[in-house]
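The values are calculated or read from the model by the stated rules, or taken from the named source; none is laboratory data. Everything numeric in this text was worked out from a predicted model, so none of it was measured. So basically every Cβ, Gly included, is an ideal-geometry build from the backbone, and we count neighbours across all protein chains shown. Please note that ligands, DNA and RNA were not included when accessible areas were found on the heavy atoms of the full protein model with its side chains. Shrake-Rupley method; radii C 1.70, N 1.55, O 1.52, S 1.80 Å.
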Amino acid sequence: MWVGGCDGFGLTRRELLWQVGLWLPPQASRSGDGRGRRQLELALNHPHEQLAFGGLAAHERLLAEYATLGFSASGHPLSLVRNALPPDLTLNRDLGNLKAGVKCQVAGLVVARQRPETAKGIVFMLVEDETGMTNVIVRPDVYDRYRAAVRGEPFVLVSGKLAKDDGTVNVLAERVEGLQMRGVKAPSTNLDNLHQPPMQFLRAMRRVAPGSKDWG
């Protein structure tokens, strides 16, 4: 219910959870001789049955879905804070339109980190924004400088050069930092208004962002 599995019933998710509490039968209690018993319900309308609760805002839906499922079907975190991100970012879907070797900046949620033993210390990161994913290659010298962000930041800002090889697009990282927001409220482009400062939302997302299980 909390992640939308019962939205078709026509109630908000908070109302559905409230109704569940009303539907649950009373817990059995023990009599003096140890036998179980429970109080029988009267056929009366519950006085709190018709209470109305508002629906979840866009950021609340995302937080609930990431906390429960590890992903969200209703949107991407960056879609809610796009206007608070640095203005010179390139969307992942647009990287293919750039020429190889140009400088670029990308930002997103790190969905995988890998450091294969055969890669001579190179780290591979898969960074996702609301338009798709891109591969980020972190050389050992860059990893040494930005180790904390590469290893632990769920949302990163990557500066580097674009590399293309047989149709594969990669960003060769020169700088990897934790993603920061400008201190303004940012309306979403295609979801409800965020209703809270972007940095506060990002901090909350950091607590529920999926772990990088592929890290080696």
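Below is a table of values for the structure above.
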{"quantity": "Evaluation of Arg203 against (1) among the basic types (Lys, Arg); (2) within 14 Å of the chain's Cα centre (by Cα); (3) modelled with pLDDT of 90 or more (one fails), failing number", "calculated": "(3)"}
{"quantity": "Restricting region 55-88 to residues that are under 17 Å from Val106 (Cβ atoms) and without any contact (Cβ under 8 Å) to a residue 40 or more places away in the chain, the residue that is least open to solvent (accessible area, probe 1.4 Å)", "calculated": "Asp88"}
{"quantity": "Enumerated strands (runs of 3 or more DSSP E) restricted to region 114-185, each holding at least 2 residues that are over 23 Å from Pro86 (Cα atoms) and at pLDDT 95 or above", "calculated": "123-129"}
{"quantity": "Answer from Gln114, Gln105 - the residue that is open to solvent by 20 Å² or more (accessible area, probe 1.4 Å), farther than 16 Å from Arg207 by Cβ and touching a Phe, Trp or Tyr at 6+ places or on another chain (Cβ under 6 Å)", "calculated": "Gln114"}
{"quantity": "For Leu191: the one exception among (1) modelled with pLDDT of 85 or more; (2) in contact with a Leu (Cβ under 8 Å, 6 or more places away or on another chain); (3) open to solvent by 20 Å² or more (accessible area, probe 1.4 Å)", "calculated": "(1)"}
{"quantity": "Residue among Arg113, Arg147 that alone is of a type in the set (Lys, Arg) and free of Cβ contacts under 8 Å to residues at least 60 places away in the same chain", "calculated": "Arg147"}
{"quantity": "Any hit, region 40-54, residues being at pLDDT 70 or above and buried (at least 16 other Cβ atoms within 10 Å of the Cβ)", "calculated": "no"}
{"quantity": "Leu162 being more than 30 Å from Gln200 (Cβ to Cβ) and open to solvent by less than 30 Å² (accessible area, probe 1.4 Å)", "calculated": "yes"}
